[in-house]
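Let me begin by presenting the structure, written as structure tokens, before commenting on it.
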Amino acid sequence: MVVREASGIYDLARLARRSIEPGLPLDLDGKTISAGACLHAALVVIMLCRRFWGYPCLARGGQEGARDVRGVWHGHYWVEVQVPAAGVFVVDITADQFGHAPVVVLTLEESRSLYRPGVQSEVDNAFESIMQEFQC
């Protein structure tokens with residue numbers, strides 16, 4: 001059950017990533033630059049997840065929210081998805097800005113070395129602002 005659910009969430013996360021890529025800038029090599037898009041990306045993941053799966057989702061993040069491949073912590077936002085009978089999954093569709101794959105889906109337990117949630121009220125305020133910007 002967990003593998004199947006994780007696979008479905010990964011497919012949804014890839015769809016979310018593909019949906020934001022046309023709006024991302026490109027570097028000199030033509031690769032997308034996702035830095036600075038994480039809050040918008042979290043909104044896309046939550047909207048798709050709620051629409052097509054109906055699972056509870058929560059935007060998460062913090063000043064030292066994500067660790068890059070060198071071990072340095074950076075401010076970042078991502079989504080936690082609660083899947084009944086399978087647990088909580090971390091979904092990040094802008095992880096490439098830290099040297100990881102563009103789409104990361106991990107169990108909450110697996111995510112602990114890469115993601116560190118900060119003050120939830122600050123995340124909620126930032127997310128509420130972005131939802132108002134898009135009139136969601």
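The values are calculated or read from the model by the stated rules, or taken from the named source; none is laboratory data. Please read all numbers here as calculations on a predicted model, not as lab measurements. Positions of Cβ are backbone-derived with ideal geometry, glycine not excepted, and every protein chain shown enters the neighbour counts. Just so you know, the surface numbers come from the protein's heavy atoms only, side chains and all, with ligands and any DNA or RNA stripped out. Shrake-Rupley method; radii C 1.70, N 1.55, O 1.52, S 1.80 Å.
At-a-glance table
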| quantity | calculated |
| --- | --- |
| Long-range HN-HN contacts of residue 60 with modeled amide H, under 5 Å | 78, 79, 80 |
| Cβ-based net charge around residue 127, under 14 Å, with every Lys or Arg adding one and every Asp or Glu removing one | -3 |
| Accessible solvent surface per residue of the chain, calculated while the other protein chains remain in place, 1.4 angstrom probe, Å² | 55 Å² |
| Most positive-pole-ward Cα, 54, 135, 26, against dipole of the chain from beta carbon charges | 54 |
| Cα centroid separation - the stretch 64-79 against the stretch 102-123, whole Å | 9 Å |
| Computed helical MRE - 222 nm, the chain, DSSP H runs ≥ 4 contributing -39500 (n - 2.57), nearest 500 | -12000 deg cm²/dmol |
| Accessible carbon and sulfur surface of the stretch 1-72 relative to its total accessible area, %, 1.4 Å | 57 percent |
| Restricting the stretch 1-109 to trypsin sites (Lys or Arg not before Pro) in coil, as DSSP defines it, with at most 13 other Cβ within 10 Å | 31, 70 |
| Given 15 as the ceiling on other Cβ atoms within 10 Å, longest exposed-site-free region of the chain for chymotrypsin sites (Phe, Trp or Tyr not before Pro) in DSSP loops | 54-133 |
| Label-to-label distance, nm, for residues given as residue 113 and residue 21 (7 Å Cα→Cβ offset) | 2.8 nm |
